[in-house]
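Heads up: the structure comes next, in structure tokens.
The values are calculated or read from the model by the stated rules, or taken from the named source; none is laboratory data. Just so you know, these numbers come straight off a predicted model, no measurement behind them. Ideal geometry is used to build each Cβ from the backbone, glycine not excepted, and the neighbour counts take in all protein chains shown. Surface areas here come from the heavy atoms of the whole protein model, side chains and all, with no ligands, DNA or RNA. Shrake-Rupley method; radii C 1.70, N 1.55, O 1.52, S 1.80 Å.
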Amino acid sequence: MDQQPSADREKLPGRPISGKWTNKERVLIFSSRGINFRTRHLMQDLRTMMPHAKADTKMDRKDKLFVINEVCEIKNCNKCLYFEAKKKQDLYMWISNSPHGPSAKFLVQNIHTLAELKLTGNCLKGSRPLLSFDPKFDKEPHYALLKELFIQTFSTPRYHPKSQPFVDHVFTFTIADNRIWFRNYQIIEEDGSLVEIGPRFVLNLMKIFQGSFGGPTLYENPDFRSPNMHRREMRLAAAAKVREKQMVKEMQKGKKTSAKEDLESDVTADVFLTPAEEKPADIQTEAPETKVVKKKQKAFKRQRMQMARR
């Protein structure tokens, strides 16, 4: 039996056509020190979903953010996802086009990892994703810039050596409540039915910079509130509730005491009391005379007994 030539073999249906790897996009995903376990699992999930991603050791907090550009150059990466932890509870994410920019800083909220969600969806490791964007990304210029940045960062290059030539999941970026909601869905049927895989998180935009990890500010979100301010407002609201409860208790206590006073003072108690005659008050200007009282001499008991015998 004659063997088919390699060109005909590549054109057979169901067989991926090999091509040249021209898009050399590489993404560096790493973080600062002080992150929690959820952030660590989120970074691992992103590295699993993005075969063109690279990892690096944690960066010290004292180092300036401009050092990341040198790290990207050493790792031969032109995109960067940097997770910055503050106060062991706030997580910020930088998306940067290294080394010339632009870059964007987000506050990451509502993080749920793959192991935490336990969703039913599952996709092939290393497969290329489809990117779905909200129509609002095309209406405002800062969202259009973020859309291009997301496309270049999250899309797996075609013919990447570590990627699979299949498209079986979708990354969705939706704008709601002035935030960007990230979801990952698996395509399970040819009609386009989807099942969520995970992970999921929400990006609250803070600023967009012209350079990589700094430079002039291109856009600043006017609706952004820092987590410190949000926690302060929560504490003030809780303190106001406590003060309101104390005021209600004091009012109820005052009402109870006034009711007791009303019960103790009977209005009808003085009905049968007749007032005494009023006597004129004589003012004595001189001291009263002392009265001399003569004492009667009483006989002794023996003398009384003798008188009684007689």
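Put simply, of Y159, Y82 the only residue that is surrounded by fewer than 19 Cβ atoms within 10 Å (Cβ to Cβ), of a type in the set (F, W, Y) and in contact (Cβ under 8 Å) with a residue 40 or more places away in the chain is Y159. Among residues of segment 41-62 that are farther than 15 Å from I74 by Cα, those with a beta-carbon under 8 Å from a residue that is of a type outside the set (A, V, I, L, M, F, W, C) and part of a helix (DSSP H, G or I) at least six positions away or on a different chain give the pairs H41/E116. A Cβ distance below 7 Å, combined with a sequence gap of six or more or placement on separate chains, defines the contacts here; from segment 132-149, residues that are closer than 20 Å to V167 by Cα and in a strand (DSSP E or B) reach residues that are of a type in the set (V, I, T) and open to solvent by less than 90 Å² (accessible area, probe 1.4 Å) in the pairs S132/V170; S132/T172.
Scoring D90 on the criteria (1) under 28 Å from the mean Cα position of the chain (by Cα); (2) at pLDDT 90 or above; (3) crowded, with 18+ Cβ neighbours inside 10 Å leaves a single failure, condition (3). For segment 137-175, taking the residues that are under 24 Å from I197 (Cβ atoms) and of a type in the set (K, R), the one that is modelled with the highest pLDDT is identified as K147.
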